[in-house]
1. Among Thr194, Thr145, which is of a type in the set (Val, Ile, Thr) and surrounded by 13 or more Cβ atoms within 10 Å (Cβ to Cβ)?
2. Can you name every residue in region 163-182 that is touching a strand residue (DSSP E or B) at 6+ places or on another chain (Cβ under 7 Å) and in a helix (DSSP H, G or I)?
3. Could you say whether any residue in region 121-142 is surrounded by 14 or more Cβ atoms within 10 Å (Cβ to Cβ) and part of a strand (DSSP E or B)?
4. From the residues in region 96-107 that are surrounded by fewer than 19 Cβ atoms within 10 Å (Cβ to Cβ) and either in contact with a helix residue (DSSP H, G or I) (Cβ under 9 Å, 6 or more places away or on another chain) or small (Gly, Ala, Ser) (or both), which one is nearest to Tyr188 (Cα to Cα)?
5. Output the number of the condition that Asn111 fails; it satisfies all remaining conditions of (1) part of a strand (DSSP E or B); (2) buried (at least 18 other Cβ atoms within 10 Å of the Cβ).
6. Within region 122-136, count every residue that is polar (S, T, N, Q) and at pLDDT 90 or above.
7. It is to be established whether one or more residues within region 110-120 are closer than 21 Å to Lys28 by Cβ and within 16 Å of ligand 1 (Cβ to nearest atom).
Amino acid sequence: MEDFAFECVQCGSCCREDREYGDQYGYKRIPLYPEEAVRLERLAEDNEIELHLIEDIVFPDTKNSRIQVLTYRILLDNDEKRCPFLKNGKDCIINERKPRACLAYPLSVKNEDAFTMRIEIDPLCEYTVRNLAKLQQLDDALLQTVYPAEYGHAMEMLKRNKRAVFKLLALEKEGKIVIPKNIERSDYTRYLQTWERQELKTDDDL
Ligand code: SF4
Ligand code: SF4
């Protein structure tokens, strides 16, 4: 395969939810680790920006009636359905301090289920759309070549998410928590509405 490398075309579409892709409406998920959520809340306050976050990856612990929170995500709930830090349609006003998920984009960590995850390319990125045929042939080694900087950040996210899962598995083995593999939707909703939260970090995340 000929050599090629990712080149952002500065379209800004990764920071908003406004494009069609096939017959699916674009869904943008911008995850934040807890310390990033705190940082972005401060930046939003400093810049008088309205920022709304919601829990993203969570693990209900049915032994202690507690929700373990691995990530939050930015709600794109304004009229333009865009990240509130996006200005002029394509400029990130916190570019130097943006979260790792934005540094990794268009790569992201895909959770197949609570315990299985892998790095994938976002099909909604404009570069992906323009180069889909070539990108579909990439294996993991070539992925690093095409997205050298982004791959490093995505790998850090993958490692962190795996550390979190290993921590949960270890606590479960010690009998300190119980994370069910399957939960009825009605129970899941009730847990989210009523249980206390605990942010999920390991010593390596600090
Ligand atoms: S923080 Fe910046 S790069 Fe990330 S989604 Fe928001 S505007 Fe885009
Ligand atoms: S969608 Fe892709 S090409 Fe467009 S700004 Fe984001 S990273 Fe760059």
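1. Thr145
2. Leu168
3. yes
4. Arg100
5. Unmet condition: (2).
6. Residues flagged as polar (S, T, N, Q) and at pLDDT 90 or above within region 122-136 amount to 2.
7. No - not one qualifying residue is present in region 110-120.
The values are calculated or read from the model by the stated rules, or taken from the named source; none is laboratory data. If you're wondering where the values come from, they're calculated on a predicted model, not measured in any experiment. Cβ atoms come from the backbone with ideal geometry, glycine included; neighbour counts cover every protein chain shown.
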